[in-house]
Amino acid sequence: MLYPQKINAKKTDFIIRVAILISYIFGLLLVLINRIATPGIRWAGYCNAGIVYIWITVLYLLRRNVNIASHLFIQMLAISALCVYFDIRMGFQAWSINFAIPLIVIVTNITMLILSIARFRNYARYAFFQVLIVLLSLIPIFLVYENMVNDKSFSIFASCLSLFNLIISLIFHFKDMKTELARQFHL
Amino acid sequence: MKKENRLYWRRLDNSAKIFPISAGKKYSTVFRFSCVLKEQINPDILKKAVILALEKYQSFKVKMRSGIFWNYFEHNPKDPIIHKEEDYPCKYIDYRRNKNYLFKVTYFDKKINIDIFHSLTDGNNGNEFFKEIVYTYIELCHPKEFAEELRSVKKVEYNTEDSYITNYDKNAKSNASSKKAYILKGDRIKLGAVSAIHEIIDADKLKQICKEHDSTVTQYLSAVLIYSIYVENYLKNNGKKPIKLCIPVNLKKYFPNSKTMSNFFSYITLEAEMKKDNLNTFDKILQFVKDDFKKRLTEEEIIKTMSANVRLGNNPFIKIVPLPLKKAIVRLGYLEIRRYTTITFSNVGRMGIIGKYKPYIDYFLMLIAPEPVEKIKCSAVTYENKMVFTFTSILNDSSIEKRFHEFLTSKGIEVKIESNGVLDVISTKN
């Protein structure tokens, strides 16, 4: 006998597909209930944004051996987008760009700093995502430049912290960063 | 992990670049070698054998990562995992579920398999690595008989250079045919299954018949394959386009200085105009195959094909397109790109095995992943007096395989069939 008789079907793929379908139905149901029960308050959009955020996180986590720094980067993006969405839906009081995004930037950069110290030997794996996080962390300072922010010091602090983090990484991991950037940008 | 290992990376060779861009669940670009031993497989020993073989062939101890413009390889510090065979052969290797390795070693009963993603290497070099695993496994299973081999440190001389870049001719003109090929018609097997049918052929008798027809084994089997497609699929579906048979060629034969373990292969494409050239009998097809081989299997023609592909990979406009965009474009154009081949037949030839190891081995198999356009792919490997010709197929119809078998047996060649039973099981269900 050369081959196994019973061949494994991709059960996990099936389960994920069913779960996504259930989410769709659930999302539609929420919209329907919202329209019928409380047409004056549009709360279903917030719930559905939450569902989308959960799926981004779950699908990303399902990929085994995922790079922690890349996960950090995805979370930074997804939570920032979620906050801006909520702020806009609630009439845009600018709390997302004044407080939420700078706070997310600070927390991400502190986590990245801890990661680069704790996983000193494996830093090369995180180098590229560190650069991406730094680039994204410059958004608060850009918003300050565009006069869109009331509390400027908080935003400036957040962006400066990420630059400080980058300088620390360059001092201690210059070779790793250089190699990583050569790998990423080779033609 | 040493610092130099951590920072180790290398570019993909010119052929390898296209595979991660185009590969997916439907188009896996995976090939498999199997070795059927005369004893049950011990998974623990097999794992040790794979780890030892990897120490020798470090070029396989890598994972793939994405750059901005191209993918690249990086050292993989993890040990590989060995599974019992459960899935269909040559399925897409999800490296995230495979400790990031681009090859997968599985076992079943007396059989060891290695599925290799084509980006890593070609059939010729994959075969070398697989033989190393088999040798090491046999040595570990029989330490008394192989005491000397276990003690001695064998060194292998190889590198990972891109031999395409080293050897291509900048000025060679392209010889690519613009004619689209006849695509095999028929329903596909359901549930993403892959059928594997092995025709175990008496190699001595086959060689004798080939000699009578003044042809090589590859030429003869190519002719039988085209004839089987012609009778069982082309005629029934009133085919009009030429049957185009793609035959991979090991470039190390033409560039013996190359010691690379990366991809270094090219291909020739036979173009059988069945109606225009009136190729309606086997003898006419065989004559056509012999003539076309003579025309296409020359150093000059092969360098032309190779150089055209290298030029494409080196095109500055292609180079600067970001990787995600490259992926999107290639995947969108995939169905169109693949329409220039009807079927692929790869003959890796004779498996050279050291005499002392022969008593433990029954035979070898090679399989290539079929895909939505090239629904059947063929491969052959010879060990001692057994040539195993394999059809891997997603076509829910085994008439080409049956015709191939009937033709060889009608010539007095002994042919034994082994299969994974997919077509029988699924055909009877539908």
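The values are calculated or read from the model by the stated rules, or taken from the named source; none is laboratory data. A quick note: this is a predicted structure, and the numbers were derived from the prediction, not measured. Cβ coordinates were reconstructed from backbone atoms using ideal geometry, including for glycine residues, and neighbour counts include every protein chain displayed.
Would you point out which residue out of A:Ile114, A:Ile133 is part of a helix (DSSP H, G or I) and farther than 27 Å from A:Ala49 by Cα?
Of the residues listed, the single one that is part of a helix (DSSP H, G or I) and farther than 27 Å from A:Ala49 by Cα is A:Ile114.
Can we say B:Val62 is out of contact with any Ser or Thr (no Cβ under 8 Å at 6 or more places or on another chain), within 13 Å of chain A (Cβ to nearest Cβ) and more than 21 Å from B:Met366 (Cα to Cα)?
Yes, satisfied.
Is one or more of the residues making up the range B:49-59 buried (at least 18 other Cβ atoms within 10 Å of the Cβ), under 26 Å from B:Val348 (Cβ atoms) and within 13 Å of chain A (Cβ to nearest Cβ)?
no
Taking the range B:83-100, which residues are assigned to a helix (DSSP H, G or I) and at the interface with chain A (Cβ under 7 Å from one of its Cβ atoms)?
Those that are assigned to a helix (DSSP H, G or I) and at the interface with chain A (Cβ under 7 Å from one of its Cβ atoms): B:Arg96, B:Arg97.
I need a count of the residues in the range B:375-408 that are surrounded by fewer than 24 Cβ atoms within 10 Å (Cβ to Cβ), more than 19 Å from B:Lys205 (Cα to Cα) and acidic (Asp, Glu).
Within the range B:375-408, residues that are surrounded by fewer than 24 Cβ atoms within 10 Å (Cβ to Cβ), more than 19 Å from B:Lys205 (Cα to Cα) and acidic (Asp, Glu) number 1.
So which residues in the range B:22-38 are touching a helix residue (DSSP H, G or I) at 6+ places or on another chain (Cβ under 8 Å) and either within 14 Å of another protein chain (Cβ to nearest Cβ) or modelled with pLDDT of 90 or more (or both), if there are any at all?
Answer for the range B:22-38, where residues must be touching a helix residue (DSSP H, G or I) at 6+ places or on another chain (Cβ under 8 Å) and either within 14 Å of another protein chain (Cβ to nearest Cβ) or modelled with pLDDT of 90 or more (or both): B:Gly24, B:Lys25, B:Thr29, B:Phe31, B:Phe33, B:Cys35, B:Leu37, B:Lys38.
Among A:Ile156, A:Ile114, A:Ile133, which is the only one that is assigned by TED's automatic domain parsing to the domain that holds A:His71 and in contact (Cβ under 8 Å) with a residue 24 or more places away in the chain?
Just a single option satisfies the conditions, and that option is A:Ile133.
Out of B:Ala196, B:Ala223, which single residue is within 19 Å of the chain's Cα centre (by Cα) and under 29 Å from B:Tyr27 (Cβ atoms)?
B:Ala196
I'm told B:Phe73 meets every condition in (1) among the aromatic types (Phe, Trp, Tyr); (2) more than 24 Å from B:Arg350 (Cα to Cα); (3) surrounded by fewer than 23 Cβ atoms within 10 Å (Cβ to Cβ) except one. Can you identify the failing condition by its number?
With (1) among the aromatic types (Phe, Trp, Tyr); (2) more than 24 Å from B:Arg350 (Cα to Cα); (3) surrounded by fewer than 23 Cβ atoms within 10 Å (Cβ to Cβ) applied to B:Phe73, the lone miss is (3).
Yes/no matrix, rows are residues, columns are (1) in contact (Cβ under 8 Å) with a residue 24 or more places away in the chain; (2) out of contact with any Lys or Arg (no Cβ under 6 Å at 6 or more places or on another chain); (3) among the small types (Gly, Ala, Ser):
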| position | (1), (2), (3) |
| --- | --- |
| B:Ser34 | yes, no, yes |
| B:Pro43 | yes, yes, no |
| B:Ser59 | yes, yes, yes |
| B:Val62 | yes, yes, no |
| B:Asn71 | yes, yes, no |
| B:Glu74 | yes, no, no |
| B:Pro77 | yes, yes, no |
| B:Tyr88 | yes, yes, no |
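Quick one: count up the residues across the range A:132-156 that are within 14 Å of another protein chain (Cβ to nearest Cβ) and loosely packed, with under 14 Cβ neighbours inside 10 Å.
Result for the range A:132-156: 1.
Just one of B:Val224, B:Val194 is within 14 Å of chain A (Cβ to nearest Cβ), surrounded by 13 or more Cβ atoms within 10 Å (Cβ to Cβ) and either touching a Phe, Trp or Tyr at 6+ places or on another chain (Cβ under 9 Å) or without any contact (Cβ under 8 Å) to a residue 12 or more places away in the chain (or both); which is it?
B:Val194 is the lone residue from the list that is within 14 Å of chain A (Cβ to nearest Cβ), surrounded by 13 or more Cβ atoms within 10 Å (Cβ to Cβ) and either touching a Phe, Trp or Tyr at 6+ places or on another chain (Cβ under 9 Å) or without any contact (Cβ under 8 Å) to a residue 12 or more places away in the chain (or both).
Give the range B:114-126 a look and list any residue that's closer than 14 Å to B:Val50 by Cα and surrounded by fewer than 23 Cβ atoms within 10 Å (Cβ to Cβ), or say none.
The one that is closer than 14 Å to B:Val50 by Cα and surrounded by fewer than 23 Cβ atoms within 10 Å (Cβ to Cβ): B:Ile114.
Tell me, yes or no, whether the range A:54-75 has at least one residue that is of a type in the set (Phe, Trp, Tyr) and free of Cβ contacts under 8 Å to residues at least 40 places away in the same chain.
Within the range A:54-75, one or more residues are of a type in the set (Phe, Trp, Tyr) and free of Cβ contacts under 8 Å to residues at least 40 places away in the same chain.
Just the residues that are surrounded by 19 or more Cβ atoms within 10 Å (Cβ to Cβ) and out of contact with any helix residue (DSSP H, G or I) (no Cβ under 7 Å at 6 or more places or on another chain), please, taken from the range B:235-245.
B:Gly239, B:Pro242
From the residues in the range B:357-405 that are among the basic types (Lys, Arg) and assigned by TED's automatic domain parsing to the domain that holds B:Ile417, which one is farthest from B:Leu335 (Cα to Cα)?
B:Lys386
For the range B:243-340, list the helices (runs of 4 or more DSSP H) that sit wholly inside it and hold at least 2 residues that are at pLDDT below 90 and in the same structural domain as B:Leu54 (by TED's automatic domain parsing); which are they?
Ranges flagged: none.
With the condition kept exactly as written, say whether any residue in the range B:114-136 is in a helix (DSSP H, G or I), within 14 Å of chain A (Cβ to nearest Cβ), touching a Lys or Arg at 6+ places or on another chain (Cβ under 8 Å) and closer than 29 Å to A:Met1 by Cβ.
no
I'm trying to understand the selection: among the residues of the range A:1-54, which are outside any helix (DSSP H, G or I), modelled with pLDDT under 75 and within 14 Å of chain B (Cβ to nearest Cβ)?
Of everything in the range A:1-54, those that are outside any helix (DSSP H, G or I), modelled with pLDDT under 75 and within 14 Å of chain B (Cβ to nearest Cβ) turn out to be A:Gln5, A:Lys6, A:Ile7, A:Asn8, A:Ala9, A:Lys10.
Restricting attention to the range B:85-109, which residues are more than 22 Å from the chain's Cα centre (by Cα) and basic (Lys, Arg)?
Matches in the range B:85-109: B:Arg96, B:Arg97, B:Lys99.
Would the range B:179-191 turn up any residue that is outside the structural domain of B:Val231 (by TED's automatic domain parsing) and either buried (at least 17 other Cβ atoms within 10 Å of the Cβ) or in contact with a Leu (Cβ under 8 Å, 6 or more places away or on another chain) (or both)?
no
Scan the range B:351-373 and tell me whether some residue there is more than 14 Å from chain A (Cβ to nearest Cβ), in contact with a helix residue (DSSP H, G or I) (Cβ under 6 Å, 6 or more places away or on another chain) and not in a helix (DSSP H, G or I).
So far as the range B:351-373 goes, yes, one or more of its residues are more than 14 Å from chain A (Cβ to nearest Cβ), in contact with a helix residue (DSSP H, G or I) (Cβ under 6 Å, 6 or more places away or on another chain) and not in a helix (DSSP H, G or I).
Name the residue that is surrounded by the fewest Cβ atoms within 10 Å (Cβ to Cβ), counting only residues in the range A:157-184 that are within 9 Å of chain B (Cβ to nearest Cβ) and either outside any helix (DSSP H, G or I) or within 23 Å of the chain's Cα centre (by Cα) (or both).
Of everything passing the filter in the range A:157-184, A:Gln184 is surrounded by the fewest Cβ atoms within 10 Å (Cβ to Cβ).
Can you name the residue in the range B:277-293 that is of a type in the set (D, E, K, R) and free of Cβ contacts under 8 Å to residues at least 12 places away in the same chain and is also surrounded by the most Cβ atoms within 10 Å (Cβ to Cβ) among such residues?
B:Lys284
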